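Could you have a look at this structure, given as C-alpha cells, before my questions?
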C-alpha cells in the first residue's frame, strides 16, 4: 500500500473549530528533528544524508536543507504523490536549496527499489506507520536504508490522545474502541487505520533490528486548546513551553503518552 502521508501536525480527531495553528503542532517535532540532525552530523563528522519517507511537499525536508550544507549534504523525499513532489520542488527552489533536495516517487513498499541500502544517516518516518499495510515491513525497509549507527526519527499517532479526544466529544463508544482495539481505531469513519502506544512502537522498532534511544509525546495540549487561545506568538510559545514541561517532567514520565503524536528516536547498531 502506498504510504499516503498523514501529517502528524494535524489531528483528525478534533473538529476544525478547535484546531490550533499548525505551527504550534509541528514546532516541537521540528525542534527535535533539527537537533537530531545537528547531533548526527557532529557524531559522524561530516554533512549527513537524510531520507524523508512520505515527506510530501517538503514541510520537513526544506527546513532540514536550510540548516546548511555543512550540516545536511542532501535530503531525499520519497512520496507516492507526483503533485506533492512537484510542490516540494517548487518550495525547495523558492528557498534556494533545490540543489540539495531530491524528489523521488515511491512508497514504503517500494523503498528498497527507490533508494540504495545503507545510504542515509537519518531517516524520517512521520505519519506513515498509521496508513501502511504492514508497519513491520516498512520499518525493516527504513532500517535497511540507514548507514551503520544511523538514526530514525519515527512519529506516529498516539492511541491515548485519541481516547481522550473522542471522550471529550461525547463519543464514548468510539473512545472505548480506540482503547481496546489492537489497531487503536474506532472503526468505520475513522480517518486512521491504526494508532500506537509507546510499547507497540518500541516492539516494532526493536523487531526491525533498531534500538530505541528515546521517546517523547508531542501535541499533548495543542490538539485540545481552542485556536482563540493561541493567536499570538506569546500564547503559542506558552503552549509549547507547557507541553515540553509536561512531556519531559521527571515526576510524571507517562504523561507523554497522552501526546497526539509519539516521537521515537532509534539507532541502527
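The values are calculated or read from the model by the stated rules, or taken from the named source; none is laboratory data. Here the structure is a predicted model, which is why all the values come from computation and not from measurement. Here Cβ is always computed from backbone atoms with ideal geometry, including for glycine, and neighbour counts include all displayed protein chains.
If residue 219 satisfies every condition in (1) more than 26 Å from residue 40 (Cβ to Cβ); (2) at pLDDT below 95; (3) crowded, with 18+ Cβ neighbours inside 10 Å but one, which is the exception?
It fails just one condition, (1).
Okay, next question. Any chance the stretch 202-218 includes a residue that's at positive phi and without any contact (Cβ under 8 Å) to a residue 12 or more places away in the chain?
Of all residues in the stretch 202-218, those at positive phi come to 209.
After this cut, where a residue has to be without any contact (Cβ under 8 Å) to a residue 12 or more places away in the chain as well, the list is none.
Within the stretch 202-218, none of the residues are at positive phi and without any contact (Cβ under 8 Å) to a residue 12 or more places away in the chain.
Say we look at the stretch 197-224 and pick out the residues that are farther than 25 Å from residue 121 by Cβ and not in a helix (DSSP H, G or I); which of these is farthest from the chain's Cα centre (by Cα)?
Of everything passing the filter in the stretch 197-224, 224 is farthest from the chain's Cα centre (by Cα).
I've got another one for you. Residue 194: at pLDDT below 95 and closer than 15 Å to residue 262 by Cα, yes or no?
Numbers: at pLDDT below 95: no; closer than 15 Å to residue 262 by Cα: yes.
Here the answer is no, as residue 194 does not meet what is asked.
Also, I was wondering about something else. Filter the stretch 108-126 down to residues that are assigned to a loop (DSSP other than H, G, I, E, B) and closer than 23 Å to residue 184 by Cα and give me whichever is nearest to the chain's Cα centre (by Cα).
Of the residues in the stretch 108-126, the ones assigned to a loop (DSSP other than H, G, I, E, B) are 108-110, 115-119.
If we keep only those that are closer than 23 Å to residue 184 by Cα too, we end up with 108-109.
Details: 108: 15, 109: 18 Å.
In this case the residue turns out to be 108.
Now a separate question. Looking at 129, 104, 85 in this structure, which one is touching a helix residue (DSSP H, G or I) at 6+ places or on another chain (Cβ under 8 Å) and either modelled with pLDDT under 95 or not in a strand (DSSP E or B) (or both)?
Working: 104 fails: either modelled with pLDDT under 95 or not in a strand (DSSP E or B) (or both); 85 fails: touching a helix residue (DSSP H, G or I) at 6+ places or on another chain (Cβ under 8 Å).
The unique qualifying residue is 129.
Which condition from (1) within 27 Å of residue 32 (Cα to Cα); (2) touching a helix residue (DSSP H, G or I) at 6+ places or on another chain (Cβ under 9 Å); (3) modelled with pLDDT under 95 is the one that residue 234 breaks?
If we test residue 234 against (1) within 27 Å of residue 32 (Cα to Cα); (2) touching a helix residue (DSSP H, G or I) at 6+ places or on another chain (Cβ under 9 Å); (3) modelled with pLDDT under 95, just (2) comes out false.
Oh, and also: Applying the selection to the stretch 165-189, what residues are in contact with a helix residue (DSSP H, G or I) (Cβ under 8 Å, 6 or more places away or on another chain) and assigned to a loop (DSSP other than H, G, I, E, B)?
Within the stretch 165-189, 184, 185, 186, 187 qualify.
Please find, among 261, 247, the residue that is in contact (Cβ under 8 Å) with a residue 12 or more places away in the chain and touching a helix residue (DSSP H, G or I) at 6+ places or on another chain (Cβ under 6 Å). Walk me through it before giving the result.
Working: 261 fails: touching a helix residue (DSSP H, G or I) at 6+ places or on another chain (Cβ under 6 Å).
So the residue among 261, 247 that is in contact (Cβ under 8 Å) with a residue 12 or more places away in the chain and touching a helix residue (DSSP H, G or I) at 6+ places or on another chain (Cβ under 6 Å) is 247.
Look at residue 149 and say whether it is in contact with a strand residue (DSSP E or B) (Cβ under 9 Å, 6 or more places away or on another chain), at positive phi and either in contact (Cβ under 8 Å) with a residue 24 or more places away in the chain or surrounded by fewer than 20 Cβ atoms within 10 Å (Cβ to Cβ) (or both). Quick ask: steps written out before the conclusion?
Details: in contact with a strand residue (DSSP E or B) (Cβ under 9 Å, 6 or more places away or on another chain): yes; at positive phi: yes; either in contact (Cβ under 8 Å) with a residue 24 or more places away in the chain or surrounded by fewer than 20 Cβ atoms within 10 Å (Cβ to Cβ) (or both): yes.
Judged against the criteria, residue 149 is a match.
Would you confirm whether any residue within the stretch 161-176 is surrounded by 18 or more Cβ atoms within 10 Å (Cβ to Cβ) and within 30 Å of residue 119 (Cα to Cα)?
Within the stretch 161-176 (the criterion being surrounded by 18 or more Cβ atoms within 10 Å (Cβ to Cβ) and within 30 Å of residue 119 (Cα to Cα)), the answer is no, since none of the residues qualifies.
Quick one: is residue 134 surrounded by fewer than 21 Cβ atoms within 10 Å (Cβ to Cβ) and under 24 Å from residue 263 (Cβ atoms)? Can you show your working first?
Working: surrounded by fewer than 21 Cβ atoms within 10 Å (Cβ to Cβ): yes; under 24 Å from residue 263 (Cβ atoms): yes.
Criteria met by residue 134.
If you don't mind, another one. Within 25 Å of residue 133 (Cβ to Cβ) and either out of contact with any strand residue (DSSP E or B) (no Cβ under 8 Å at 6 or more places or on another chain) or modelled with pLDDT under 95 (or both): is that true of residue 42 in this structure? Spell out the reasoning first.
Values: within 25 Å of residue 133 (Cβ to Cβ): no; either out of contact with any strand residue (DSSP E or B) (no Cβ under 8 Å at 6 or more places or on another chain) or modelled with pLDDT under 95 (or both): yes.
No; evaluated as a whole, the condition is false for this residue.
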